[in-house]
Amino acid sequence: MDGLLSMPQDFRNGVSKMKEPQSVSKINHEVYTTQILRDLHLYCCKLMKITNLEESLTGLCDEFRMTFHKLLNEPMPKSTQKTENAAAVLKVFAVLESLAEERHASLGEIAQKAMTSKTTAHRLLQTMADLGYVEQEPETEKYGLTLKLFGLGARILRGQEDLLRAADQAMARLSRATGEAINLGVMDDFDQRVAYIHKYDSAYSLSMQSTLGKRNPLYSTSLGKALLAFRDDAEIRERLSQMEMRKLAPRTITDPDELFAQLQQFRAQGYAEEIEESEAGVRCMAVPLLNYAGRSVAAISIGFPLVRFDETRKPEYVGMLLEAGREASSALGYG
């Protein structure tokens, strides 16, 4: 309000007489506020060029008032409606993702993480609760996700039963032999990431922790590198061109040409590895699972805390990984 109060009295009176029409609730406040601020800027530029301010001020007040009402009362163009629809979808997923991270959170915490108002967050949460995806604890009034979302995720894996069955036995043997974290990942084409779909947790208290459904970049993980290395060179180049290769850990490779050369080496040796490229203090090795055409469809990894990795046992780890990959790939029709 400071800017409004600093205006001359006549201009302030003109703005204060404007009444918000009933249709304003249907309009995205961010959209029309931006438009209004744009017009205010234009009018301020006009004011700066006016020599006789008192004579022209009334006309400017009337002009701004008419524009303001026009913005509020005219139907929004289709492009604006599409933008608003997209913004609404983004807010829904921002709320869902904040709940997935926090498990249970208050309205204020959710609104803050989703970067929206409490009113908007409350409206979205109520709708999701009505649909059965969100529940509210009566005692704490905190919100949490229901298992209905898990049901949606499980349906996505329906086409992966053969893959999970083929990988599980090999993963179980690796887990028993090493005691380390074993993960199964598949390529997520949406933004060049690897998604974790099955795992065996480490037997040790100090271990690499992973979450089912978690998605990490292809370029910095052993799972992602194993998946990339066993695709043809043209596809690898295409995928690398779509990546924003940021430094995530002390030894992350951020040069596409360097990574491409490394993938060629991994293809030749049959497995991929990374040392502190995705997370500090962690070392991982992975082997691809190949389908009948020799194309990578998944990868299995072993994750070690760097302090527990025994370099003298590396050939043993590699041998177990390669055997697990051959077994699972054979079950998928390779060879």
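Where a number appears in this text, it was derived from the coordinates with a stated rule and is not lab data. Since the model is a prediction, treat every value here as computed from it, not as a measurement. Here the Cβ positions follow ideal geometry from the backbone for every residue, glycine too, while neighbour counts run over all protein chains shown.
Can you tell me the Rg and Dmax of region 171-219, counting just the alpha carbons, in angstroms?
Final numbers for Rg and Dmax: 11.8, 35 Å.
Starting from region 243-335, pick out the GluC sites (Glu not before Pro) whose DSSP state is loop and whose Cβ has at most 11 other Cβ atoms within 10 Å. Kindly include the intermediate steps, with their values, before the conclusion.
On the way: sites: 244, 258, 273, 274, 276, 277, 279, 311, 316, 323, 327; in loops: 244, 276, 277, 279.
For GluC sites (Glu not before Pro) across region 243-335 that sit outside H, G, I, E and B with at most 11 neighbouring Cβ atoms in 10 Å, the list reads 244.
Sum up the charges of everything whose Cβ sits under 12 Å from the Cβ of residue 304, counting Lys and Arg as +1 and Asp and Glu as -1, but leave residue 304 out.
-3
Across 10 Å bins from 0, what is the distribution of all Cα-Cα pair distances for region 154-331, in whole percents?
10, 42, 37, 10, 0
Largest first and in whole Å, what are the equivalent-ellipsoid semi-axes of region 78-146 based on the Cα gyration tensor, each being the root of 5 times an eigenvalue?
Value: 22, 12, 10 Å, ordered largest first.
Please report, in whole Å, how far the alpha carbons of region 229-335 spread along each principal axis, starting with the longest.
Largest to smallest, the principal-axis extents are 39, 36, 18 Å.
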